[in-house]
Amino acid sequence: MNTPTALIIGFLLGVAATILVGRVRPLLRQIRENARQQREEAKIRRTSGLEDNHRRLTLRRAQGMHLAAPLFALDEILQEPKLIAPPAQVQPGKVSVMEDIVTQTLPYMPEWTELAAIYRSPTLGLVEAVTGEANVVIVGAAGAGKTVALARLASLAANSQVQLEAGKEAVPFLYHVADLQLPFDPAKDPLNIVVNAAAERAPVFDLRRLPTFVKQTFADGRALLLVDGFDEADPQTQSQVVEWFKALGEAYPRARIVTTAAPGQLHGLLGLGFHPLTLMAWDERTMTRFIHQWGEAWTRNLPQTPLSVDPLLLNEWLDMDNTGLTPLELTLKAWGAYAGDNRGASVLDFIAAHIRRLAPGTPPNVLETLALQVVLNVQPIFNPRTARTWVQKFEPAEAQPGTEAELEGEEGEPLPAVEASKTGGRKSKTSLTAPTYGLISKLVESGLLVAHPNEKMRFLHPLFNGYLAGKGASALNAENDLLAQPEWLGKTTTLHYFAAYGDASKAVDAMLKQSDLPFYGGTLEAARWLKDAPKEAKWRAKVFASLLSILQTEGNPLTLRAQAMAAFIASRDPGAAPLFRQLLTSRSFEVIPLAALGSGALRDRKAVPLLEEVLQAPFGAVRRAACLALVAIGMDKAIEAVARALLQGDEELRRAAAQALANDPTEGYDVLREGATLSDIMVRRAVVHGLARVEEPWAFEMLQRMQTDDDQWAVRNLANQYVEEISNRDPRVPRKLTPPSETPWLVEFAGKQGVGIPRGGPATDILLKAMRFGSTEERLAAIPYLKQTPSEGVFGAFYNGIYGDDPEVREACFLALQELAADGVPIPHPNQYGLG
């Protein structure tokens, strides 16, 4: 064969081979894809039974994670937890959520939730909050319902009702910090801690496959890790948890983590990118619904417990005077009323009654000694051997601890394993074999203490620990030891109840002496003690004077002044209502709205004539606050004044009136329904604003009808905007920030400044320029980025914002500094920057 012929044949064979490979390649790709799917299906078949078992065990545990677990399953008395929606992330050039009357008038105060409940601030649902591609920390005071919120989220996920990624059902992993074997070894897979915690409750036949199941779930982006108890842990343990979260997030970035924290005590979570979301306090409607559900569950589950009072009369009494009660406090009130063992009508009486239920016959000084030692030694999660030495002097002579061998259990007995949650005593079917620890073992059996793996124990609830420790500290005048401790929940709750039972004058003086700009933390912390402290305590006047100074000082951020107003309300002091009436006559148009909101929160009927006068003020904030207050007071004269404003006011006042009426489910809803049918276009347009705040199906249906049927374009268009906003994802759901180099508004701003943004860097310099020279939107958008890199320059920018002329930037900068302080970042005084 000559050379040209060979070349031609070779060329043709090459072309044929190329065509053949091109046609076969999709087939090979399909074969590989089918093989991959078959492998995944095989994995699913191998783990589906294990996953089903895991979901069942998680659901069972979650349903027992509440105070009344010895009586009812969680779902029998559950009130759906809600989270206060934070301010929406600002994206210059994009339309954000339409502000409503509450977000325009009431500052965002995550540490004071009572006002948010009264005036119905916007909220997020639990599932909604965790689907925003960011880790979340649920914030709330002791007894606010953080554990129940995690249990509810776990229950929903266990029932396949949570999706973290499209089409993937989340798998919940629910644990208490005391269940975790910390500190973790950085040389090992951080997921080992989850595997070990899961193995404690998994069936024996699942143990071999468990590590593979856990790792696959975390790698696939289906894991929802719910860690309770971060709020009650000591600072050292919190640091260990933060380090573990950091390693876990780096190794398994697609997993979602939700944990809990106390107000002002984020302690490193913010630096990891967690988004703090605060639990909404219960409003009156929620409390009434809970009381009725409690009564029905009691009658259904405890028919053998006869009631000495008619349930209707009992519920009517329970429904009175509940302002400011936390879910835990209301639960104890209802429990005591139905059990008939309350010895008084105060919150302190409710707590004392429940402790007697949990530890009948145990001398109070034993419990107080144990609780105080837990706090003074900063060991909320403690070893039972150590705890026994704390109460050794109270042990019967024959039960005194002996040799070390005895302490380690040579003559041990089964120690019941209580579910590692804030239950009241529902126990798992298994038992942990452990030594007996005398009184400590008895307290575990009764339910006041909870046992965890690896010989760890804790009090059933940090509030009970703080209550008993506070009583013990008051007898020993131990306030100096407490004040010297770092900030943690045990210190906070113990000081609260110390002030209720002892003379807190020295402690208050120390707190007020430390109280200063920018947050006046000492004053506001002492103000929380007022609620349960004796009315005749001499130190109360000093705290009230300091609060009034904060409230009236011009130049303080509105959020700070509103916190002082909220503290007056939370104190439940009879002098608060006359004070707010006096402030309604002030000449300060920053004080008057706060005084109006305070009068409304207290339902002060004597303030109605003054609030009617305030409605005529030329300032929008004042009129909005007056509308909200009048509707909150709720008497006929007050509702009529707001209805007149809807019918006769200017456009701004009509909108405020309609949105305020949306807070009243009886008369307010009726006014809005009627207003939607009136011929006055101004009234109908205002009513659209009001209906958008009503979270009821009938209101949304009415908006949809007005969207298409109203004869005026202005009404149809506004209704259409609200229908779209309600139907779309809430922009206030927390999301991860895009890298600065990929953020369009910042790239555009940098281009105008003639500079570029390096990829992967924090871009602090250009963000500081945006804070100095940018528009309001650009400054607001820069704050979340700068919060990630706190430095002298960032603090200076924030303080210039706080003491600047732009009110939106002022409040956003104050909130950013407050969150950084809660995360443990030292905040300089504004005097360092020539301000304040």
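Tabulated data
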quantity: Relative contact order (percent, whole number), the stretch 695-746, Cα cutoff 8 Å, 6+ residue spacing; calculated: 24
quantity: Between the stretch 128-146 and the stretch 630-685, the Cα center-to-center distance that results, in Å; calculated: 34
quantity: Helix-only mean residue ellipticity at 222 nm for the chain, each DSSP H run of n ≥ 4 adding -39500 (n - 2.57), per residue, nearest 500; calculated: -17000 deg cm²/dmol
quantity: Protein accessible area in the chain, 1.4 Å probe - carbon and sulfur %; calculated: 53
quantity: Potential lengthening between V204 and I9 on full extension [0.36 nm per residue; Cα-Cα distance subtracted]; calculated: 63.4 nm
quantity: Heavy-atom accessible area per residue - the chain, 1.4 Å, Å²; calculated: 44
quantity: Volume of the Cα convex hull of the stretch 82-147, divided per residue and given in Å³; calculated: 109
quantity: Ordering of 75-86, 104-115 by burial proxy (mean other Cβ atoms within 10 Å per residue, highest first); calculated: 104-115, 75-86
quantity: Length gained when the stretch Q304-D349 is fully extended (0.36 nm per residue, less Cα-Cα span); calculated: 13.7 nm
quantity: Two-decimal Rg/Rh across the stretch 750-813, once Rg and the Kirkwood Rh are taken from alpha-carbon atoms; calculated: 0.95
quantity: Packing rank of 776-785, 540-549, where each peptide gets the mean count of other beta carbons within 10 Å, highest leading; calculated: 776-785, 540-549
quantity: Where labels lie 7 Å past Cα in the beta-carbon direction, separation of T708 and S775 in nm; calculated: 3.6
quantity: Residue pairs, from the table K513/K538; K456/K491; K168/K736; K333/K637; K471/K531; K82/K246, whose Cα atoms sit over 22 Å apart; calculated: K333/K637; K82/K246
quantity: Relative contact order %, the stretch 670-770, counting alpha carbon pairs below 8 Å whose residues are six or more apart; calculated: 15
quantity: Separation of the Q104 and D341 label points, Cα + 7 Å toward Cβ, nm; calculated: 5.3
quantity: Förster-model FRET efficiency, 56 Å R0, W317 and Q30, C-beta, rounded to 0.05; calculated: 0.20
quantity: Relative packing of 237-248, 580-591, which averages over residues the other C-beta atoms within 10 Å, highest first; calculated: 237-248, 580-591
quantity: More than 28 angstrom apart: percent of Cα pairs within the stretch 662-820; calculated: 46
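The values are calculated or read from the model by the stated rules, or taken from the named source; none is laboratory data. None of the values given here were measured: they were computed from a predicted structure. Here the Cβ is made from the backbone with ideal geometry for all residues, glycine too, and neighbour counts use every protein chain on show. For accessibility, only protein heavy atoms count, side chains too; no ligands or nucleic acids. Shrake-Rupley method; radii C 1.70, N 1.55, O 1.52, S 1.80 Å.
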